[in-house]
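Notes to accompany the following structure.
The values are calculated or read from the model by the stated rules, or taken from the named source; none is laboratory data. Bear in mind the structure is a predicted one, so any value in this text is a computation, not a measurement. In this analysis, Cβ positions are derived from the backbone assuming ideal geometry, glycine residues included, and neighbour counts consider all displayed protein chains.
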Amino acid sequence: MSPDATGVSDQIEYMDIAATTAVGRYYKQRFLSALDLMPGHTVIDVGCGPGTDLGRLADVVGPSGSVIGVDHDRRMLAEAGRRYANRPHIELRLGDMRRLPLPDACVDRARTDRVMQHVADPAAAIVQLRRVLRPGGVLGMAEPDWDTLTVADQDVEISRRFSRFVAERVRNTTIGRDVVRLAAAAGFKISAVQAIAVVFRDFATADQILGLQRNSARAVEAGALPERDTREWLERLPTAPFLAGFTFYLITAHI
């Protein structure tokens with residue numbers, strides 16, 4: 001989810017847009033492959049939101065398998081229910097990932113996608129994911145490391161201050177690098193860690209995903225950025241060869 005998306009409609013729009021970008025399609029395909037899903041598997045998508053990924057999970061496990069989407073927001077689940085009303089082996093449940101509404105050892109695969117960055121206690125959430133996985137089960141987590149965000153510009157200081165402002169708006173700024181340690185502490189064996197460089201060469205796409213204009217306006221209002229220098233920074237970004245990016249981690253672990 002975007003660090004500046006606030007309302008539910010904004011969040012849904014952001015998730016839909018991010019999933020259709022080139023880097024979104026790329027990492028989601030790698031994430032799906034890393035889970036090693038098979039027909040007949042039961043897979044849980046925790047923090048499923050409006051169901052962005054439920055359909056492709058259901059396509060892989062087939063009618064003999066099942067997909068369970070869990071989210072704490074009823075409005076997100078309502079949208080997911082609307083999208084998948086005709087997919088009977090997609091089940092939706094309301095619940096907190098720190099207290100998953102599932103019995104022990106009931107799923108073959110578990111996944112979270114850009115969710116741990118917002119959770120109040122990610123360590124407790126990972127313990128819950130281990131609890132619901134069957135022996136031999138696989139956990140997949142995809143998380144950004146907002147502390148690595150950079151925006152290229154001649155005014156390096158403004159770019160750095162903007163990146164810090166964005167990073168500080170996320171509850172768990174460094175969760176991308178932290179989940180390996182947290183999963184190991186919960187008793188998982190780490191199978192693979194993939195670091196993906198998320199690179200933006202187009203200002204408009206970066207603005208959609210990173211909220212360059214919206215977040216810089218908020219940073220100016222909060223006193224974190226000077227108004228004149230920030231205005232000049234924003235005017236330059238679309239006209240110069242644009243470059244921005246951050247590191248995104250895909251982690252798979254097993255019991």
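If you check A195 against the conditions, is it touching a residue at least 12 places away in the same chain (Cβ under 8 Å), farther than 19 Å from Q11 by Cβ and not in a strand (DSSP E or B)?
When the stated conditions are applied, A195 does not pass them.
Give L234, L182, L250, L210 a once-over and let me know the one that is closer than 17 Å to F165 by Cβ, in contact (Cβ under 8 Å) with a residue 60 or more places away in the chain and buried (at least 16 other Cβ atoms within 10 Å of the Cβ). Can you show your working first?
Working: L234 fails: in contact (Cβ under 8 Å) with a residue 60 or more places away in the chain; L182 fails: closer than 17 Å to F165 by Cβ; L250 fails: closer than 17 Å to F165 by Cβ.
Within the list L234, L182, L250, L210, the selection yields L210.
Evaluate the following for T21: is it farther than 21 Å from A253 by Cα, in contact (Cβ under 8 Å) with a residue 40 or more places away in the chain and hydroxyl-bearing (S, T, Y)?
yes
Go through segment 141-174 and report how many residues are crowded, with 19+ Cβ neighbours inside 10 Å, closer than 17 Å to A195 by Cβ and either in contact (Cβ under 8 Å) with a residue 60 or more places away in the chain or touching a His at 6+ places or on another chain (Cβ under 9 Å) (or both).
The total comes to 8.
Show the residue pairs that are 6+ apart or on different chains and have beta-carbon atoms under 6 Å apart, the first residue being within segment 215-231 and within 11 Å of R164 (Cα to Cα) and at pLDDT 95 or above, the second being in a helix (DSSP H, G or I) and small (G, A, S).
Taking only residues 6 or more apart or on different chains, the pairs are L225/A219.
Okay, residues lined up against (1) in contact with a Cys (Cβ under 7 Å, 6 or more places away or on another chain); (2) closer than 28 Å to Y26 by Cα; (3) free of Cβ contacts under 8 Å to residues at least 40 places away in the same chain:
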position	(1), (2), (3)
L94	no, no, yes
M97	no, yes, no
D104	no, no, yes
A120	no, no, no
V127	no, no, no
L139	no, yes, no
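Please count how many residues of segment 60-102 are buried (at least 20 other Cβ atoms within 10 Å of the Cβ), among the small types (G, A, S) and within 20 Å of H118 (Cβ to Cβ).
The number of residues fulfilling the criteria is 2.
So which residues in segment 218-254 are within 24 Å of the chain's Cα centre (by Cα) and either part of a helix (DSSP H, G or I) or among the acidic types (D, E) (or both)?
Answer for segment 218-254, where residues must be within 24 Å of the chain's Cα centre (by Cα) and either part of a helix (DSSP H, G or I) or among the acidic types (D, E) (or both): R218, A219.
Do you know which residues across segment 141-184 are within 23 Å of A124 (Cα to Cα), part of a helix (DSSP H, G or I) and not acidic (D, E)?
Passing the criteria: A167, I175, G176, R177, V179, V180, R181, L182, A183, A184.
Can you tell which of A110, A85, A123, A105 is hydrophobic (A, V, I, L, M, F, W, C) and assigned to a helix (DSSP H, G or I)?
Going through A110, A85, A123, A105 in turn, the sole match is A123.
I'm trying to understand the selection: among the residues of segment 185-207, which are exposed (fewer than 14 other Cβ atoms within 10 Å of the Cβ), touching a strand residue (DSSP E or B) at 6+ places or on another chain (Cβ under 6 Å) and closer than 24 Å to Q128 by Cβ?
The answer is K189, A192.
If I ask for residues that are over 20 Å from Y14 (Cβ atoms) and in contact with a strand residue (DSSP E or B) (Cβ under 7 Å, 6 or more places away or on another chain), which ones from segment 208-241 would you list?
Hits for segment 208-241: nothing passes.
Which one is surrounded by the most Cβ atoms within 10 Å (Cβ to Cβ), of the residues in segment 18-45 that are small (G, A, S) and under 26 Å from C106 (Cβ atoms)?
Among those residues, the one meeting the criterion is A34.
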